[in-house]
1. Grab the beta carbon distance between residue 124 and residue 83, set R0 = 22 Å, and tell me the FRET efficiency rounded to 0.05.
2. Give the dimensionless ratio obtained when the Cα radius of gyration of the stretch 6-143 is divided by 2.2 N^0.38 Å.
3. Based on the Cβ-Cβ distance of residue 143 and residue 65, what FRET efficiency does E = 1/(1 + (r/R0)^6) give at R0 = 41 Å, to the nearest 0.05?
4. More than 15 angstrom separation, counting every C-alpha pair in the stretch 1-44; what % is that?
5. For residue 72 and residue 103, compute 0.36 nm times the residue count separating them, minus their Cα-Cα distance, and round to one decimal in nm.
6. Given a Förster distance of 25 angstrom, what is the FRET efficiency for residue 2 paired with residue 116, based on the Cβ-Cβ distance and rounded to 0.05?
7. Taking neighbour Cβ counts within 10 Å as the exposure measure, how do 144, 41 sort from fewest upward?
8. Which GluC sites (Glu not before Pro) in the stretch 49-135 sit in a loop by DSSP (not H, G, I, E or B) and have at most 11 other Cβ atoms within 10 Å of their own Cβ?
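Read the figures in this text as sums done on the coordinates, not as results from a lab. These numbers were taken from a predicted model, which means no experiment stands behind them. All Cβ positions, glycine included, derive from the backbone under ideal geometry; neighbour counts span all protein chains shown.
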Amino acid sequence: MITIPSKVKYLSYAGIIPILMGTIGSFDLNLIDNNINNWLVELGMLFSAVILSFLGGCLFVFETHSKSEINFKGLIISMCPSIWAVFSLLLPITCFLLAVGFLTTLERERYLSKLITLPKWWLRMRFQLTTSMVLLLIIMGFNV
């Protein structure tokens, strides 16, 4: 069984907390002030965009790692998550677009894992985190 290093796992899963808070805020609960609910939703969407951009940086590193010749097309593709995140924030269907960005980025990582050596636990962790992020973003998207 592939084990994700505990320090990596805890820090990575802690990144879901702001999105979970945004999802809770999207339910517009009466227990929480409306301004706080709106702030939580904004926090969830902005933090999701930051994480998606961070994953683009990971793709950039993967594109340059362990290859005899750096592929310019791959470098351009690795910048797409950051650009996608910014444009997603500007459109009314932000959460759904961010979810698509996370799924696409995971698929690119799966593709690159056939070309380069990633840590054995990387894709397992990314699948778990992407699944969580996409579900939370879709729930948030239907509520806002």
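1. Working: r = 27 Å, r/R0 = 1.25.
Here the calculated transfer efficiency is 0.20.
2. Details: Rg = 16.0 Å, N = 138, 2.2 N^0.38 = 14.3 Å.
After normalising by residue count via 2.2 N^0.38 Å, the value is 1.12.
3. Numbers: r = 39 Å, r/R0 = 0.95.
Computed FRET efficiency for residue 143 and residue 65: 0.55.
4. Values: 474 of 946 pairs.
That fraction is 50 percent.
5. My answer for the length gained is 8.9 nm.
6. Values: r = 17 Å, r/R0 = 0.69.
Rounded to the nearest 0.05, the efficiency is 0.90.
7. Fewest to most other Cβ atoms nearby, the residues stand as 144, 41.
8. On the way: sites: 63, 69, 107, 109; in loops: 69.
Sites meeting the loop and neighbour criteria: 69.
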